[in-house]
Amino acid sequence: MIFDVLTLFPEMIENHCKYSILKRAVENKILSVNTVNPRDYTLDKHKKVDDTPYGGGGGMGLMAQPYVDAYESLEKSENSITVMLSPQGEPLNDTIVNELATFEQIVMLCGHYEGFDERIREIIKPREISIGDFVLTGGELPALCLIDAVSRKIEGTLGKIESADEDSFSNGLLEYPHYTKPREYRGISVPEVLLNGNHKDINEFRYQESLKRTKLKRPDLYQRYVEKIQK
C-alpha cells in the first residue's frame with residue numbers, strides 16, 4: 001500500500017510513521033508513506049500557498065495552483081484513489097476503511113487555514129472524508145487516522161490479520177472486554193469462562209459481552225446489528 005500525503009507540514013506525517021506498528025510495516029516494505037509539500041510547487045517567490053478569499057471574510061484560503069501542481073506531479077497507479085480530508089466529507093467508518101484498503105495507492109489532500117480553493121475540488125475531484133463533526137487546524141491528524149486505520153487491514157501490518165478482524169466495528173459490534181495477568185486485581189477476578197480452555201464457551205462469552213457492550217454504549221450500532229441479523 002502506498003500513501004501519498006499532500007501537506008504543508010510533512011514532518012507531522014513522517015514523525016508519526018517512525019513509531020510502533022507503522023514503523024515496522026514501512027521497514028518491511030508493506031507500506032510506503034510519502035509526503036509532498038505544495039510549497040515546493042508554488043509559483044510565488046516567497047513560497048506562499050494561501051491568500052485572502054474573494055468576497056471577503058476572515059482567514060486565508062489555500063490557492064489552487066500549488067495544490068493542483070503538487071497533485072499532478074505524483075505518479076499514480078491504476079488502482080489508486082484520492083481523498084480530501086474535510087469536515088464536509090462522509091464520516092469515516094470501518095466499511096469505508098475496508099473499501100480503501102482494497103486500493104494500491106491512496107493520495108491524501110490535507111487542508112489548512114480556512115480551507116481549499118473550490119477549484120481544487122473541481123479539478124482533482126477527490127473523495128471527501130471526515131473523521132467527525134468538528135473542525136481541526138489542519139488535515140494532518142485526520143490523514144494519520146486514515147493511514148493508521150487502513151494499514152491495520154493490510155496483510156502483514158499486524159502480527160495476525162485476525163487482530164484487525166476482531167477489532168470494534170469489524171462485525172458491527174463493539175469489541176468484547178480483555179483481561180491479562182494477574183487473575184485477581186483489587187478484588188476483581190478474570191471471568192472463569194476465560195480460564196477453562198473451552199474455546200466454544202469463550203467465543204460465546206465474548207460474543208454476548210460484545211452484544212451487551214454495544215447495546216449499552218452504542219444503541220445505534222446495536223439496533224443496526226439486530227436488524228441486519230434478522231433479515
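The values are calculated or read from the model by the stated rules, or taken from the named source; none is laboratory data. These numbers were taken from a predicted model, which means no experiment stands behind them. FYI the Cβ positions are ideal-geometry reconstructions off the backbone, even for glycines, and counts take in every protein chain you see.
Under 8 Å between Cβ atoms, which residue pairs at least 6 apart in sequence (or on different chains) link something in segment 96-109 that is under 13 Å from PRO126 (Cα atoms) and in contact (Cβ under 8 Å) with a residue 40 or more places away in the chain with a partner that is aromatic (Phe, Trp, Tyr) and assigned to a strand (DSSP E or B)?
Cβ pairs passing all conditions: ILE106/PHE3; MET108/PHE3; LEU109/PHE116.
Could you give every pair whose Cβ atoms fall below 7 Å, whose first residue belongs to segment 188-199 and is within 14 Å of HIS178 (Cβ to Cβ), and whose second residue is in a strand (DSSP E or B), counting only separations of at least 6 or pairs across chains?
Hits for this filter: zero, empty list.
Quick one: in segment 92-104, of everything that is buried (at least 16 other Cβ atoms within 10 Å of the Cβ) and more than 12 Å from ILE154 (Cα to Cα), which residue is modelled with the lowest pLDDT?
We begin by selecting, within segment 92-104, every residue buried (at least 16 other Cβ atoms within 10 Å of the Cβ); these are 92, 94, 96-97, 100-101, 103.
Right, trim to more than 12 Å from ILE154 (Cα to Cα) and you get 92, 94, 96.
Working: LEU92: 97, ASP94: 93, ILE96: 97.
Selected residue: ASP94.
Can you work out which of the residues in segment 49-62 that are more than 14 Å from PHE9 (Cα to Cα) and touching a Ser or Thr at 6+ places or on another chain (Cβ under 8 Å) is surrounded by the fewest Cβ atoms within 10 Å (Cβ to Cβ)?
By that ranking, first place goes to MET60.
Quickly run through segment 1-36 and pick out the residues that are assigned to a loop (DSSP other than H, G, I, E, B) and either crowded, with 18+ Cβ neighbours inside 10 Å or not polar (S, T, N, Q) (or both).
Start the filter on segment 1-36 by keeping residues that are assigned to a loop (DSSP other than H, G, I, E, B), which leaves 1, 7-9, 17-19, 28-31.
MET1, THR7, LEU8, PHE9, CYS17, LYS18, TYR19, LYS29, ILE30, LEU31 - these are the residues of segment 1-36 that are assigned to a loop (DSSP other than H, G, I, E, B) and either crowded, with 18+ Cβ neighbours inside 10 Å or not polar (S, T, N, Q) (or both).
Counting only residues that are part of a helix (DSSP H, G or I) and of a type in the set (A, V, I, L, M), which one in segment 45-104 is farthest from the chain's Cα centre (by Cα)?
From segment 45-104, those part of a helix (DSSP H, G or I) are 64-72, 94-100; that's our starting set.
From what is left, the residues that are of a type in the set (A, V, I, L, M) are 64, 68, 70, 96-97, 100.
Details: ALA64: 25, VAL68: 23, ALA70: 22, ILE96: 9, VAL97: 7, LEU100: 10 Å.
Top of the filtered list is ALA64.
Please count how many residues of segment 22-44 are within 24 Å of the chain's Cα centre (by Cα) and not hydrophobic (A, V, I, L, M, F, W, C).
Looking only at that region, the number is 10.
Within segment 116-130, which residues are buried (at least 20 other Cβ atoms within 10 Å of the Cβ) and either over 16 Å from ASP69 (Cβ atoms) or charged (D, E, K, R) (or both)?
Here is the first cut: in segment 116-130, the residues buried (at least 20 other Cβ atoms within 10 Å of the Cβ) are 116-117, 120, 126, 129.
Hits for segment 116-130 are ASP117, ILE129.
Looking at PRO142 and the list (1) under 20 Å from LYS29 (Cβ atoms); (2) crowded, with 21+ Cβ neighbours inside 10 Å; (3) at pLDDT 95 or above, which single condition is not satisfied?
The one condition PRO142 does not meet is (1).
Of all residues in segment 200-231, how many are surrounded by 16 or more Cβ atoms within 10 Å (Cβ to Cβ), without any contact (Cβ under 8 Å) to a residue 40 or more places away in the chain, of a type in the set (A, V, I, L, M, F, W, C) and within 24 Å of THR95 (Cα to Cα)?
Counting residues in segment 200-231 that are surrounded by 16 or more Cβ atoms within 10 Å (Cβ to Cβ), without any contact (Cβ under 8 Å) to a residue 40 or more places away in the chain, of a type in the set (A, V, I, L, M, F, W, C) and within 24 Å of THR95 (Cα to Cα) gives 1.
How many of the residues making up segment 163-196 are modelled with pLDDT of 90 or more and either assigned to a helix (DSSP H, G or I) or aromatic (Phe, Trp, Tyr) (or both)?
Total meeting the criteria: 7.
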